[in-house]
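**Student:** Next up is a structure, given as structure tokens.
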Amino acid sequence: MNKDLKKIRHVALDMDGTIYLGNTLFPYTLDFLHQLTELGITYSFLTNNPSRSIADYLLKLHKMGIEATREEIYNTTVAMIDYLHAHYPEAHRLFLLGTPSMISQFEEAGFVSTSDSPDDRPDAVIAAFDMTLTYSRLCRACWWVSQGLPYLATNPDRVCPTNEATILVDCGSICQCIEHATGRRPDITLGKPDPNMLVGIRQQRGLQPEEIAMVGDRIYTDIEMARRAGALGVLVLSGETTMEIVEAAPHKPDLILPSVKELGEMLAESHR
């Protein structure tokens, strides 16, 4: 494994459950990022959570002491906007199941967010992680989906990691509800494990797949994306995944560690 780690020139980091949990930065995260910089290893932040805009994520990281640039953050709102431009160029009016922050990012990109009305017909339905979801809007989304409109989802996550005493129902679970009501699954589900975010990083930075380490706390998104993209998949046990989940998974991570702290130590050793 040290031989594989020696090739790493870029670390793609999941966020919630990997460098922080909820609103709490892990105590080792800043030292880990500084260590990467000292080793000459670049890094970026990838998240399946579209509930915040890029500007909101930059502000959140800044408050935690992490100074990132817009180019270093990739979320599924950006991926969805790019996908719509490429595959549905005629779609401008969207019925969005998403937070106001997410909707504002679509509007900044030139899309119109349609209202909860049978007279305000959209061109497509977008389902996302929506902490502001209301029953009425869920029903309206089901109606438009049942009418055969294009139906796309930002990410497959069932729950969002949290350090609070609750379960945060994520986009995958919302889509299960829509499927149970309408019989339709999304036409496309973006975000991890779709490899496009890692492919974009590779192309942008001129890297080979084996020069990228994808680090995250989920087998079925982070590690599966690494496998599909040909990158090194590093699972950290600081978030959702337990060893019981690992043992039941059809594809195993390349490396399993308690946290990014141990990864930093191994990278330092391999790059000496």
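**Student:** Just to be sure I understand the filter: pairs with C-beta atoms under 8 Å, separated by 6 or more residues or on different chains, first member in region 162-187 and assigned to a strand (DSSP E or B), second member among the hydroxyl-bearing types (Ser, Thr, Tyr) and modelled with pLDDT under 95. Which pairs pass?
**Tutor:** Cβ pairs passing all conditions: 168/162.
**Student:** Is it the case, given these coordinates, that residue 167 is assigned by TED's automatic domain parsing to the domain that holds residue 99 and either farther than 20 Å from residue 29 by Cα or not hydroxyl-bearing (Ser, Thr, Tyr) (or both)?
**Tutor:** Values: assigned by TED's automatic domain parsing to the domain that holds residue 99: yes; either farther than 20 Å from residue 29 by Cα or not hydroxyl-bearing (Ser, Thr, Tyr) (or both): yes.
So residue 167 passes the test.
**Student:** Quick one: count up the residues across region 16-37 that are buried (at least 17 other Cβ atoms within 10 Å of the Cβ) and polar (S, T, N, Q).
**Tutor:** Here the count works out to 3.
**Student:** Also, I was wondering about something else. Can you tell me which of 162, 132 is surrounded by fewer than 19 Cβ atoms within 10 Å (Cβ to Cβ), in the same structural domain as residue 176 (by TED's automatic domain parsing) and modelled with pLDDT of 95 or more?
**Tutor:** That would be 132, the only listed residue that is surrounded by fewer than 19 Cβ atoms within 10 Å (Cβ to Cβ), in the same structural domain as residue 176 (by TED's automatic domain parsing) and modelled with pLDDT of 95 or more.
**Student:** Sticking with this one: If you take the residues in region 33-62 that are assigned to a helix (DSSP H, G or I) and under 22 Å from residue 223 (Cα atoms), which one is farthest from the chain's Cα centre (by Cα)?
**Tutor:** 36
**Student:** Give region 4-32 a look and list any residue that's of a type in the set (A, V, I, L, M), more than 19 Å from the chain's Cα centre (by Cα) and not in a helix (DSSP H, G or I), or say none. Talk me through it step by step, then tell me what you get.
**Tutor:** Of region 4-32, the ones of a type in the set (A, V, I, L, M) are 5, 8, 11-13, 15, 19, 21, 25, 30.
After this cut, where a residue has to be more than 19 Å from the chain's Cα centre (by Cα) as well, the list is 5, 8, 30.
Correct list: 8 only.
**Student:** Another question, if that's okay. Out of all the residues in region 110-161, which are assigned to a loop (DSSP other than H, G, I, E, B), more than 30 Å from residue 26 (Cβ to Cβ) and in contact with a strand residue (DSSP E or B) (Cβ under 6 Å, 6 or more places away or on another chain)?
**Tutor:** 111, 114, 122, 123, 149, 150
**Student:** Any idea which of 44, 101, 113 is polar (S, T, N, Q), outside the structural domain of residue 176 (by TED's automatic domain parsing) and surrounded by 17 or more Cβ atoms within 10 Å (Cβ to Cβ)?
**Tutor:** 44
**Student:** Take the conditions closer than 18 Å to residue 4 by Cα and not in a strand (DSSP E or B) and apply them to residue 244. Does it pass?
**Tutor:** no
**Student:** Which residue, of 213, 165, is over 25 Å from residue 87 (Cβ atoms), out of contact with any strand residue (DSSP E or B) (no Cβ under 8 Å at 6 or more places or on another chain) and small (Gly, Ala, Ser)?
**Tutor:** Numbers: 213 fails: out of contact with any strand residue (DSSP E or B) (no Cβ under 8 Å at 6 or more places or on another chain).
Going through 213, 165 in turn, the sole match is 165.
The values are calculated or read from the model by the stated rules, or taken from the named source; none is laboratory data. Treat the numbers as computed from the prediction; the structure is a model and nothing was measured. When we count neighbours, we look across all protein chains shown, and the Cβ atoms used for this are built from the backbone with ideal geometry, even at glycine.
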